[in-house]
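Scroll down for the structure; my scribbles are underneath it.
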Amino acid sequence: MAAPEPARPAMIRIYGIRNCTTMKKAFAWLDARGVRYAFHDYRKSGVPAGELERWIAQLGWRSLLNARGTTWRRIPETGRENLDDERALALMRAWPGAIRRPLLDTGAQLLVGFDPALYARFIAAGASDD
């Protein structure tokens, strides 16, 4: 007799930018496994109030800031210098495209970036947090 599939979290929220190549990979991975999710495009809609602060509290701003992307290169050098918690928060509010993506949120856990093996563990762990 086959073991039952583990329960999945009721809803995962995925944050990012729709046309990002990495986001497209994450969408495809989630869709192929029937994982339900709600998408929030933070370039178009901004980051919901309080979420960026929560993310930084859980992950640290260094984990969230994408210092390799095209958005980072467009930020004036004076805005990229001497970053600390406060300056990094202000920078990501002003330049949401500088936030790493995708960011998955089960409500109990956060995951930044796309790695299929981590996603599988993340989804399974999220199922047990409900």
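The values are calculated or read from the model by the stated rules, or taken from the named source; none is laboratory data. As the structure is a prediction and not an experimental result, all values here were calculated from the model. As a convention, Cβ positions derive from the backbone with ideal geometry for all residues, glycine included, and neighbour counts pool all protein chains shown.
Could you check segment 34-56 and list, in sequence order, the residues that are over 12 Å from the mean Cα position of the chain (by Cα) and within 16 Å of L83 (Cα to Cα)?
Correct list: E53 only.
If you go through segment 57-99 one residue at a time, how many are small (G, A, S), closer than 18 Å to K44 by Cα and in a loop (DSSP other than H, G, I, E, B)?
Residues meeting the conditions: 1.
Among the residues of segment 97-130, which ones are out of contact with any strand residue (DSSP E or B) (no Cβ under 9 Å at 6 or more places or on another chain), closer than 18 Å to L52 by Cβ and either modelled with pLDDT of 90 or more or among the charged types (D, E, K, R) (or both)?
Hit for segment 97-130 is G97, nothing else.
Limited to segment 1-44, what total is found for residues that are at pLDDT 90 or above, of a type outside the set (K, R), part of a loop (DSSP other than H, G, I, E, B) and surrounded by fewer than 11 Cβ atoms within 10 Å (Cβ to Cβ)?
Selection size over segment 1-44: 2.
For L83, which of the numbered conditions (1) aliphatic (A, V, I, L, M); (2) modelled with pLDDT under 90; (3) over 17 Å from the mean Cα position of the chain (by Cα) fails to hold?
Answer for L83: the failing condition is (2).
Just for segment 66-106: of the residues that are β-branched (V, I, T) and surrounded by 18 or more Cβ atoms within 10 Å (Cβ to Cβ), which one is farthest from R36 (Cα to Cα)?
I99
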